Structure formats: structure tokens, C-alpha cells
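Following: one structure in C-alpha cells, then a few remarks.
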Amino acid sequence: MSRDDPGLLDALTRLSASVVGTLRSRLELASLELGDAGRRLVITIVACVAAVLLLGGAVAVLTAWVAVALWGTLGAAVLGWIALAYALAGAALLLWLRAHWRRAPPLLADTLTELRQDAALARGTPAAREPSERP
């Protein structure tokens with residue numbers, strides 16, 4: 001066997017380089033997804049805190065104005081009606097938020113899809129594309 005003939009050691013070296021390259025690309029994809037998720041989370045938290053502060057001030061002033069305006073006709077019942085309206089609005093918001101989070105894709109969905117396809121290729125079976133996978 002001459003030195004120029006590829007041997008078992010060369011094949012194993014190429015195979016390990018290929019595996020390491022594949023793992024590296026999948027880890028890069030995971031880090032990009034985590035970075036995007038982190039940025040979205042920070043923006044969402046900052047926007048939510050600002051909105052809560054601004055809307056809270058507006059609601060407090062509006063509540064005082066409605067209570068003063070209707071106190072002569074409804075008396076203390078106006079506070080109960082305002083509290084009921086706030087409770088209904090809060091419950092509707094929580095229901096919307098729960099539905100929003102249930103529709104969101106799972107964290108690292110693209111990375112997991114790629115890893116499943118890699119595993120299927122390694123087993124020699126064709127990888128089926130998932131319906132939620134982006135083209």
C-alpha cells in the first residue's frame with residue numbers, strides 16, 4: 001500500500017471532520033435562534049413595562065373622572081361597575097396571552113428539525129419534512 005492511497009485512517013479523519021462540521025453548523029443555528037429569542041424577549045419586556053406604566057396612569061385618571069362624574073347618579077355602585085369592567089378586560093387579556101403563547105413555535109424548533117434530518121440521514125432513511133418547517 002503506497003502513501004498516496006487513502007486508508008482507513010484518512011477515511012475516519014474525513015468522517016470526523018464532517019461530523020464536527022455538521023455539529024458546528026447546528027450549534028451556530030442554535031445560538032442564532034437563542035440570540036433572536038433573547039432580543040425579542042428584551043424588547044417585549046421593555047415595551048410591556050412602558051405600556052403598563054402609561055396605561056396605568058391613564059386608567060387611574062379615567063377611573064377618577066368617571067367616578068366623580070357618575071357619583072351623583074349611581075353613588076358608590078359606580079366603583080363596583082368600574083371594577084367589573086377592569087376584571088373583564090383583564091380576563092380577556094389573559095385569555096389572549098395564553099392563546100398567543102400556545103401558537104408560538106417552540107424554542108430551537110429549526111435546530112431540532114435540522115438535527116432530526118441529520119439523524120435520519122445518518123441512519124440512511126429519507127428525512128420527512130415537517131409541516132411546520134419553513135421552506
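Flag set for A11, criterion: under 30 Å from R123 (Cα atoms) and open to solvent by less than 60 Å² (accessible area, probe 1.4 Å). Under the condition of being assigned to a loop (DSSP other than H, G, I, E, B), surrounded by 10 or more Cβ atoms within 10 Å (Cβ to Cβ) and of a type in the set (D, E, K, R), which residue from region 89-135 is modelled with the lowest pLDDT? Selected residue: E133. Against the test of being open to solvent by 80 Å² or more (accessible area, probe 1.4 Å) and in a helix (DSSP H, G or I), the options V59, V52, V19 yield a single qualifying residue, V52.
In this structure, does S31 turn out to be at pLDDT below 90, among the small types (G, A, S) and open to solvent by 60 Å² or more (accessible area, probe 1.4 Å)? Against the criterion (at pLDDT below 90, among the small types (G, A, S) and open to solvent by 60 Å² or more (accessible area, probe 1.4 Å)), S31 qualifies. For region 75-88, the candidate set comprises residues that are assigned to a helix (DSSP H, G or I) and of a type in the set (G, A, S); within that set, the residue that is nearest to W101 (Cα to Cα) is A87.
Cβ-Cβ distances below 7 Å connect no pair with a first residue in region 94-110 that is β-branched (V, I, T), a second residue that is part of a helix (DSSP H, G or I), and a separation of six or more residues or different chains. Quick one: is G72 modelled with pLDDT of 85 or more, in a helix (DSSP H, G or I) and surrounded by fewer than 10 Cβ atoms within 10 Å (Cβ to Cβ)? Yes. Being more than 30 Å from L23 (Cα to Cα), in contact with a helix residue (DSSP H, G or I) (Cβ under 7 Å, 6 or more places away or on another chain) and surrounded by 14 or more Cβ atoms within 10 Å (Cβ to Cβ): is that true of L79 here? Taking the combined requirement at face value, the residue satisfies it.
The values are calculated or read from the model by the stated rules, or taken from the named source; none is laboratory data. This structure is a prediction, so every number in the text was calculated from the model and none was measured. Here the Cβ is made from the backbone with ideal geometry for all residues, glycine too, and neighbour counts use every protein chain on show. The area values use the complete protein model at the heavy-atom level, side chains included, leaving out ligands, DNA and RNA. Shrake-Rupley method; radii C 1.70, N 1.55, O 1.52, S 1.80 Å.
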